[in-house]
Structures are given as C-alpha cells and as structure tokens.
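> Encoded as structure tokens, here's the structure I'll be asking about.
Every number here is computed from the coordinates shown, using simple stated rules; none is lab data. Computed from a predicted structure; not experimentally measured. FYI the Cβ positions are ideal-geometry reconstructions off the backbone, even for glycines, and counts take in every protein chain you see.
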Amino acid sequence: MSATLIEWLGAWPGAVLLQNSGTFYLFVNAAHILGIGLILGAILPLDLRLLGLFRSAPLAVLGPFLSRAAAFGVVLAILTGLWLFSVRPAHYLGNAAFLWKLGLLALALVNIGLQHGNRHFRTAGTAGSIHPSVRVLAFLSMALWLSALVAGRWIGFL
C-alpha cells in the first residue's frame, strides 16, 4: 500500500472522528464485535449441522436464515473493520497478526464462495444426505473463521 494512501486513510474525516472521540470509537468497535458475533453465531451452528450434528434441526429452514445472518455480519464486520483500520493504518500494516487475519479472512470468504457455488450445498437441505465436499468445506469454514477470530485478538498483543 502506498505511503500516500496510508496517510490519506489516517486523515480522512471518519478516522479523525475515531481518533478524537473515544465514544465514537467505542460504538464502531462494538459494531465490529457485533458483526463478528453474527458471523460466528450463524456460521458455526450451520457448519456443525452440515457436519452431521443437530440432525433434528431442519437444514432447509436453518440454512437460509443462518446464511443471511452471517452475510449481514460479514458486511458489518468488514465495514467497521475498515473504519477501525483507518485510525492507524501504518501500524496495522506492520502487525503480523493483522496480516494473518486478513489472509484468513480472504480464505474464509473464498471458502464461502466455494460452498455456495457447490451444487451439493444448494441441495443439502432437500437431499437425504450431505455430500462429503459440503462437509469438508464446512470444516474448513469453522477452522478459518475461528482462526481469524484468534488472529484478530492477537493484534492487540503485538
């Protein structure tokens, strides 16, 4: 990322607002945590169901709802995360945990695309069984999102 872009990000009005107001920073950070909670709170139960747990819960009913809740969480977390990043962009770009988090998030988003593009996932709610490819991607999803969570927490310790 160029030095000019980094400087611009740190000086845009939204970044300055967070730099100068603990209250605004608190609310944006809380919204970021809410987004993360929605992601994990929706994706983990869906992935566990796809892995074969909670078989009595109807996937045809839960799947669409949990997918939409997770999507809302992803959008909220990305928007607020970008805003929080703008407060100290040069610092974050030099933080190994932040870079790991970005890489893990990118992989998790690619995994979502693979899962939702998988014809077996689209029929999992109506099929009698869940295809092994859906199960593998569900396991990867859990591992990637939980790893991104840990990397995000690790940022503050470096």
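> If you go through the stretch 76-126, how many residues are among the hydroxyl-bearing types (Ser, Thr, Tyr), in contact (Cβ under 8 Å) with a residue 40 or more places away in the chain and more than 17 Å from GLY14 (Cβ to Cβ)?
1
> Let me ask you something else. With the condition being aliphatic (A, V, I, L, M), I'd like the helices (runs of 4 or more DSSP H) fully within the stretch 95-158 carrying at least 1 qualifying residues.
Passing ranges, in order: 96-117, 132-154.
> Within the stretch 102-158, track down each residue that is under 24 Å from HIS91 (Cβ atoms) and aromatic (Phe, Trp, Tyr).
TRP154, PHE157 - these are the residues of the stretch 102-158 that are under 24 Å from HIS91 (Cβ atoms) and aromatic (Phe, Trp, Tyr).
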